[in-house]
Amino acid sequence: MPLEQSGIGFLSVLTLLVMRKHLLFQVIIFSSVILFFINCNTSGVDNKNKENTLFNLIPPDKTHIDFNNELKEDDKKNVLAYQYFYNGGGVAIGDLNNDGLQDIYFTGNMTDNKLYLNKNNLEFEDITKEADVAGRDDSWKTGVTMADVNGDGKLDIYVCYSGKLPGEKRMNQLFINEGNDKNGIPKFDEQAQQCGLADSSYSTQAYFFDYDRDGDLDMLLLNHDITFRSNLDQSILQLLLHTNDHVSVIKLFRNDNNHFSEITEQSGIKATVMTHGLGAGISDINGDGWPDIYLSNDYQEPDCLYMNNGNGTFTDKLQTSLSHISYFSMGDNVCDINNDGLPDIFTLDMLPEDNTRQIMSTCATCFILITVTALSVRSDNYQAFQIQTGAGLLYLRTTITTDGKISISPMDTCAILPTWIF
């Protein structure tokens, strides 16, 4: 069996060579051998059950969907220059021409967006040019949302932009659905500026919902900070937590007669450059009839649980509602997981599954100290983070919260340790 198929891989071998004089070397060798044989015994399982799957992959020559979010790296466009280079674009699904079939819109980071009209039987037609919704050239497209923004009974399309680019290339776009032509193809007109939604923040995703229950859709704009920050002491962190640069912070827009106005500050939602918003779940979490927001934040900023006060404002009740949150929240969903009639919160974390990725994702200094003192480095950082931000308990694992409570397995409680330390 080739080494790269065995579960060990070149990087693991390299790691072993670097640590060959370390007292844990024999333990790592033993663990790697176990992984090798486990992988050899299970490598053929998927192939045996391939024909008995619930879903089947349909080739592009059948669906006619050939969208490809192709990334072209160079010395200026890469993950070192822009940390969200590999976060991907977006996809939205909805019936744009009201024919009862779900159409698909893709956004491409460096490629044109594509709109595919559903022709039934899982066959689609590329109508991007006819609908005029390809998006701007030489811009970095991110999330996309379909919603009836102007309340005329037709789905519209809102496209978010980001990237390490000038503000004029990050202006979000709103494609208003003007109805179908004689061939049943929906036509769109870009009206973000007229509606007050041509925002130039570093946007991840837009969420349309009626937060004030006045009968129209308002918008939550999820943004992120593109600045990579390190060595944050307490004074700098506190300063950043209270700094609003107006392009990295989360924003709330109120809809008044199809014109949107930003009301973030008066709504009680925190506007801080430490926001790294990667997901939001909107639902009536406490059952009072008003939509609440669970916000997933990456890096230092903890997640937020914004409870709707019913008077146009929100209050973050994370610390009084949850006992644990993810450290690096990648996204979330609010749904009834256990069918008890109550909304639950599901969050995703970015902790690598295997020890190789965990080790390679750790800085060199931390790696050396972890192998010697096991817990000290991560424990110190974890405690400092709690003191500086007042956050609750954080775990580097995907977490499920049901009715404000959480169950953590033994593996989760030691998730901050590399898996080869016993």
Item checked: Positive-end residue, region 302-353 charge dipole about Cα centroid, Cβ charges, pick of Leu348, Ser323, Asn311 -> Asn311
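Rank these by accessible area, largest first, 1.4 Å probe: His224, His64. Let's see the in-between values first.
Numbers: His224 5, His64 95 Å².
Highest to lowest solvent-accessible surface, that is His64, His224.
Taking a ≥ b ≥ c as the square roots of the eigenvalues of the Cα gyration tensor of region 78-188, is the shape rounded (a/c under 1.5), prolate (a/b larger than b/c) or oblate?
On the way: a/c = 2.36, a/b = 1.83, b/c = 1.28.
Prolate, because a/c is 1.5 or more and a/b exceeds b/c.
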Next item on the list: Let me know the charge dipole size of region 87-157 about its Cα centre in debye, to the nearest 20, where only the beta-carbon of Lys, Arg (+1) and Asp, Glu (-1) is charged.
Entry: 220
Checklist line | Cut-off 16 Å, label 7 Å out along Cα→Cβ of Leu71, residues of region 284-304 by amide N | finding: none
Margin query: Full-extension gain between Asp210 and Leu165, please, as 0.36 nm times their residue separation minus the C-alpha to C-alpha distance.
Written below: 13.0 nm
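Is region 297-341 rounded, prolate or oblate when judged by the Cα gyration tensor, a ≥ b ≥ c being the square roots of its eigenvalues, rounded requiring a/c under 1.5 and prolate requiring a/b larger than b/c? Walk me through the numbers before you get to the answer.
Values: a/c = 1.87, a/b = 1.06, b/c = 1.76.
Here region 297-341 falls in the oblate category.
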Margin query: Let's test the formula: R0 of 25 Å, r as the Cβ-Cβ distance of Asn338 and Thr53. What FRET efficiency results, to the nearest 0.05?
Written below: 0.45
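Give the peptides 123-131, 203-211 in descending order of average Cβ contacts within 10 Å, highest first.
203-211, 123-131
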Item checked: region 118-229, accessible area per residue, ligands and nucleic acids excluded (1.4 Å, Å²) -> 41
Check: Where the accessible area of region 114-233 is counted over protein heavy atoms with a 1.4 Å probe, how much of it, in %, is carbon and sulfur?
Finding: 44
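Let me make sure I get this right: for region 51-126, a, b and c are the square roots of the gyration tensor eigenvalues over alpha carbons, sorted descending. Under 1.5 in a/c it's rounded, otherwise prolate if a/b > b/c, else oblate. Which is it?
Working: a/c = 2.65, a/b = 1.79, b/c = 1.48.
Taking the square roots of the gyration eigenvalues as a ≥ b ≥ c, region 51-126 is prolate.
The values are calculated or read from the model by the stated rules, or taken from the named source; none is laboratory data. Computed from a predicted model, the values in this text were never measured in an experiment. Neighbour counts run over all protein chains shown; Cβ positions are idealised from the backbone, glycine included. Note: areas computed on protein heavy atoms with side chains; ligands, DNA, RNA excluded. Shrake-Rupley method; radii C 1.70, N 1.55, O 1.52, S 1.80 Å.
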